[in-house]
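Have a look at the structure below before the remarks.
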Amino acid sequence: MRASHGGTGRSDGDALISTPNEDKTDFQLLTENSADIICRLDPDLVIMYISPSVFAVLGWMPDELVGKPPEWLIVAEDMPLVAAGHDVSLHEPLMSRPVTVRMNRKSGAFTWMEVNASVVRDPATSLVKETVIVMRDVTERKAHEDLLENQALTDGLTGLANRRAFDEALDREWLRTLREGTHMSLLLLDLDHFKSFNDDYGHQVGDDCLRAVAMAVRTSIRATDIACRYGGEEITVILPAADAAAAYNVGEAVRRAIEDLALPHSGGRTGGNHLTASVGVATALSRDGETVRLPEALLLAADAALYKAKHLGRNRIATALLVAPKGQTPTL
């Protein structure tokens with residue numbers, strides 16, 4: 001026999017059964033006291049309810065958003081992520097995997113939000129009744145993740161992009177060159193007689209020298225160029241959409257900027273006993289009917305040009321040219 005409570009005549013088992021009004025009250029209690037934003041969309045994906053927390057997080061009053069589609073809140077470039085997430089939720093009985101997108105604040109700024117979607121279906125017809133969206137402010141977490149990612153792609157000594165970032169950028173720009181049928185260039189520089197520089201002045205001074213050279217490179221290239229520490233005293237610069245003439249001009253600006261540092265180098269034997277650099281520049285042209293497919297070919301060409309510059313006496317530029325297949329997307 002089950003005991004009753006407070007003279008209501010309701011048993012423990014009966015207490016587990018709630019009325020529609022109780023469900024509504026519980027839902028309001030949950031949403032109105034949650035720091036997360038809870039949103040309900042009708043079958044046409046129009047907002048029919050959004051919790052009051054939207055004001056604290058995004059600056060909107062709920063009644064400003066009811067009746068509007070989610071696109072009104074989400075930054076346009078991030079909508080494909082949300083659409084893909086909703087497609088997944090249509091086929092998964094539980095809440096879909098979260099996606100992280102930018103949402104428009106009323107002030108005009110945006111906030112990074114983690115979004116989960118869950119579809120509610122009519123048990124009798126299996127038709128979609130509504131979609132429940134739960135959104136959480138993850139701006140601080142995203143900033144921390146971006147910081148870690150930036151550190152993972154940055155050389156700790158020079159502040160330039162590191163080898164991993166170089167490999168990713170080279171693949172990306174190579175594919176774009178082939179897809180758009182244009183051209184790109186790659187600059188590879190090596191500091192002349194740097195081993196003897198380290199031997200004469202010590203590795204601490206050598207590190208200071210590399211930092212100064214990295215700064216000189218950064219201030220000599222175009223805004224679209226990507227400077228990376230390739231290894232040791234070698235620095236490479238990816239030059240998107242740069243033809244041979246433009247690449248040569250960038251290479252000469254870099255070479256001159258390093259020479260103008262006037263860093264003493266008694267063992268240099270070039271540049272009047274100052275530190276200098278040799279530069280190899282390779283340019284890839286995208287043309288029909290050609291067979292050069294891998295971005296490594298551009299790197300090898302730049303390396304060959306660098307070797308030529310050293311062989312010709314250092315503190316100079318040498319160039320190379322190769323032709324890539326137009327309009328193809330190779331497997332890398």
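Values quoted throughout were computed directly from the atomic coordinates according to the rules given, and no laboratory measurement underlies them. Owing to the predicted nature of the structure, the values given are computational and were not obtained by experimental measurement. Note: ideal-geometry Cβ built from the backbone for every residue, glycine included; neighbour counts use all protein chains shown.
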Practice task
Rank-order 125-131, 302-308, 243-249 by packing density, defined as the average count of other C-beta atoms within 10 Å over each peptide's residues, highest first.
Solution key: 302-308, 243-249, 125-131
Problem - Packing rank of 220-231, 256-267, where each peptide gets the mean count of other beta carbons within 10 Å, highest leading - result: 220-231, 256-267
Problem - Descending principal axes extents, region 142-210, alpha-carbon based, whole Å - result: 48, 35, 12
Completion exercise
The answer for residue 230, listing residues at least 5 apart or on another chain whose modeled amide H is closer than 5 Å to its amide H, is 235, 236
Problem - Calculated FRET efficiency for the pair residue 105/residue 46, C-beta based, R₀ 25 Å, to 0.05 - result: 0.75
Fill in the blank from the handout: Given backbone amide H placed at 1.01 Å from N, residues whose amide H is under 5 Å from that of residue 275, ignoring those fewer than 5 places away on the same chain, are 263, 265
Fill in the blank from the handout: So, with points 7 Å from each Cα along the Cβ direction, the residue 121-residue 84 label distance in nm works out to 2.4 nm
Handout entry: Net length gained if the chain between residue 223 and residue 35 were fully extended (0.36 nm per residue, minus Cα distance)
Key = 63.6 nm
